[in-house]
Amino acid sequence: MKYRNGIIIFALCFINIIDQLNGARILGVLHIPIYSHHVPFQPLWKELIKRGHEIVLITSKPISTINSTNFKQIKYNVDLKFIQSNYIELRMNRKSFISFMKDDVYIMLLHITNKIFEHPEVKKLYAPDSKEKFDLIMIQMLSAPGLYAFAERFNAPVIGLSAFRLMAIENYMLGNIVLPSHENTWEMESNTGSNLSFWQRLNNFYVMWNFIYTMNYRCFPAHQQLAEKYFGPSVSSIKDIMKNTSLVFVNENQIISYARPELPNIIKFHSIHVADHSEPLPQDLKTFVDNATNGFIYFSMGHTMNFSIISNSIQEIFYDVFEKLPYKVVWKYDKEPLRKIKNAYITKWLPQKSVLAHPNIKLYIYQGGLQSTQEAIYHEVPVLGIPIFSDQENQVKIAVNHGIAKDLNIETLTRDKLESAIREMINNKQFFKWSFKWSYI
C-alpha cells in the first residue's frame, strides 16, 4: 500500500498517451546489462499486460515470472566481466565515473547497441518489409541514443526509462537545466553539495561541460552512424528524436532526494518493486535467521560487483570481524568462501527482499545501490554503506545525511573501523528511529 502511488502515476500517464479501451502494442528496449536497471520496471510490464496491452521486450535479463501470450522477450547476450573486473580497479585507481563513462562505458554501450540492431529477431521487427507495428516505444535512458531510431521507424511516441536519477547529459538532451554541483548530480560522486568553494564549483563546471561536449561530438555521431547503417541514411537526427521524448519515468525517491528544477514531462516514482517479497526464504536460511536470538546482519555487495574480486587482505577483514560478533551473518558471496565461519550463512544467491523483511535483521551492509537503498528504507533497516562506483557514493551520502546510515571507505578499511561501525549502528537506536521515520513517510 505504501508505494502503490507509483503504479497510479504510471496508469494516469498512459491514459493520456494510449487509448485504454484498446490494448496497445509496446516495444520495450532495456540495453543496460545490469540486473538493478531492470528490476524497477518489472511491475510496470506486469501491470500493462494485466490491463490488456502487448509487450515486446528487448532485454539481456529476461523475466521468468511473467507467463502471458501478450509478453514476448527477445534476449541478447552480453559479457559483464568487463564491468565487474573494472569496478574495484577503478575505485582503487581513483578514476572518476565521468572518465569511466568517456573512456569505457561509451564504447561498451555502442557495442551493445550494435548487438541489439544485429539480433535476428530484432531485425525482423524493423526490416523494411516488416508489417510489425507499435503504438509506443519505451527506451532505457543512459547513453545509447542510437536506439531512439526505433521511434522513427515505427512512428510511435517515446517514453524514456531511468532506473535512477537522470544524468546531466540526459537532462541536457531533454532540454532541462544542467547543475554540475547539485547534490542530485550523482555522476559527480562526492564532489557536490552546498558548501563547495568557488574553485570546486568551477572545476565541476569544467568537468561536466567537457563531458557533455565529448558525448555530443563523439558518442552521438557514432550512434547516428549506427542508426543510419541499420535504418537507412534518411533517418532523422537522433538528438531531435530524443528531444521529442513524450515522458520520462525516473526511479527516484523524492522524499530522500534534493529538490531541483525539473521538466513537467519527467515523472518520478519509486519502490514499486519492493512491496512484493512473497518469495520465501530457503528452509535452511529461514531456520538460521529464525534462531538468531541476537539478530543477524545481512551483507551483500549487489548483483554487478563480485565480492570475490576484492583482494584477499580486504576480504579477511570481513571474515575476522564477522566471526567476533555476537550476531549471525547472512552473506551473499559469488564464489566458494575463503573459509567458513560458524556464525555465517554464506551463499551465492539470496531472496533479498525477503531477507530484509525478516524481523530479526539488525543491519544491512551494502555497496550503496539505489534499489537496495529503497528496499532497506521500506523494511526499516539501517544501512552501512561501502560504496564502490557509479551512483553508489552519492546514494550512501544521502542515506548518511538522512540519519539511516554510516559509510566506510574500502580503500582505508580496517578491522577496527568495520567492527566499530557495526556495533555503533546496532547499539545506537537513532539509526532505527530514522529508518522507521523515512519508511513511514
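Just so you know, all these numbers are worked out from the coordinates, no wet-lab data involved. What you see is a predicted model, and the numbers here were worked out from it, not measured in a lab. In this analysis, Cβ positions are derived from the backbone assuming ideal geometry, glycine residues included, and neighbour counts consider all displayed protein chains.
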Task: Top positive-direction residue, dipole computed over the chain with Cβ charges, set I107, S197, I159 - done: I159
- [ ] Mind listing the long-range amide H neighbours of Q73? Cut-off is under 5 Å, sequence gap 5 or more, other chains count too, H placed in the peptide plane at 1.01 Å from N.
- [x] L57
TODO: Please sort 27-38, 160-171 by packing, taking for each peptide the average over its residues of neighbouring beta carbons within 10 angstrom, highest first.
DONE: 160-171, 27-38
Task: Sorted peptide list for 142-148, 264-270, 194-200, criterion being average Cβ within 10 angstrom, highest first - done: 142-148, 264-270, 194-200
Task: Separation between Cα centres of the range 100-130 and the range 139-167, rounded to whole Å - done: 13 Å
TODO: Evaluate the charge dipole of the range 283-436 about its Cα centre and quote only its size in Debye, nearest 20, assuming +1 on the Cβ of each Lys and Arg and -1 on the Cβ of each Asp and Glu.
DONE: 360 debye
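Take the cross-link list K362/K397; K353/K406; K46/K229; K72/K124 and give me the ones stretching past 23 Å between alpha-carbons. Write down the numbers at each step before the final one.
On the way: K362/K397 20 Å; K353/K406 21 Å; K46/K229 34 Å; K72/K124 14 Å.
Where the Cα-Cα span goes over 23 Å, the pairs concerned are K46/K229.
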Task: Average projected area [Cα convex hull, the chain], square nanometres - done: 21.2 nm²
Open item on the list: Of all beta bridges DSSP finds with both residues in the range 283-436, what is the antiparallel percent, to the nearest 5?
Closed with: 0 percent
TODO: Report P(r) for the range 283-436: all Cα-Cα distances, bin width 10 Å, range 0 to the bin holding the largest distance, values in whole percent.
DONE: 11, 45, 39, 5
Open item on the list: For A344, what residues show an amide H to amide H distance below 5 Å, using hydrogens built from the backbone and excluding near sequence neighbours?
Closed with: V329
Task: Proxy reagent accessibility, fewest Cβ within 10 Å first, across W45, W434 - done: W434, W45
TODO: For I361, list long-range residues whose amide hydrogen, built 1.01 Å from N in the peptide plane, is under 5 Å from its own amide hydrogen.
DONE: F296
Open item on the list: Multiplying the sequence separation of E228 and S194 by 0.36 nm and subtracting their Cα-Cα distance, what value in nm do you get?
Closed with: 7.9 nm
Task: Nitroxide proxy distance, nm - points 7 Å out along Cα→Cβ at E323 and R339 - done: 0.4 nm
Task: Cα-projected label distance for E316 with T69, points at 7 Å along beta-carbon direction, nm - done: 6.2 nm
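Place a +1 charge on the Cβ of each Lys and Arg in the chain and a -1 charge on the Cβ of each Asp and Glu, then give the dipole magnitude about the Cα centre in debye, rounded to the nearest 20.
On the way: 47 positive and 39 negative charges, 98 e Å.
Computed about the Cα centre, the dipole is about 460 debye.
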Open item on the list: Residue by residue through the range 410-418, what is 3J(HN,Hα) from phi via Karplus (6.51 cos²θ - 1.76 cosθ + 1.60, θ = phi - 60°)? Round to whole Hz and write x for glycine and proline.
Closed with: 5, 6, 10, 5, 10, 4, 5, 5, 5
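Starting from the exponent 0.38 and prefactor 2.2 Å, build the expected Rg for the range 146-288 from its residue count and divide its actual Cα Rg by it.
So the range 146-288 has a normalised radius of gyration of 1.34.
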Task: In sequence order, calculated HN-Hα J values of the range 28-33 (Karplus, 6.51, -1.76, 1.60; Hz; x Gly/Pro) - done: x, 10, 10, 9, 7, x
- [ ] Working from Cα positions, state the angle (0 to 90°, nearest 10) between the long axis of helix 392-401 and the longest principal axis of the chain.
- [x] 60 degrees
- [ ] Rounded to whole Hz and in sequence order, give me ³J(HN,Hα) for the range 372-388 from the Karplus expression 6.51 cos²θ - 1.76 cosθ + 1.60, θ = phi - 60°, writing x for Gly and Pro.
- [x] 5, 4, 4, 5, 5, 5, 4, 9, 6, 10, x, 10, 10, x, 10, x, 10
TODO: Return the FRET efficiency for the residue pair K133, V78: r is the Cβ-Cβ distance, R0 is 35 Å, and the value is rounded to the nearest 0.05.
DONE: 0.80
- [ ] Determine, for each peptide in 368-375, 386-393, the mean count of other beta carbons within 10 angstrom over its residues, then list the peptides with the highest first.
- [x] 368-375, 386-393
Open item on the list: Between Y213 and I309, what's the calculated FRET efficiency when r is the beta-carbon distance and R0 is 25 Å? Round to 0.05.
Closed with: 0.15
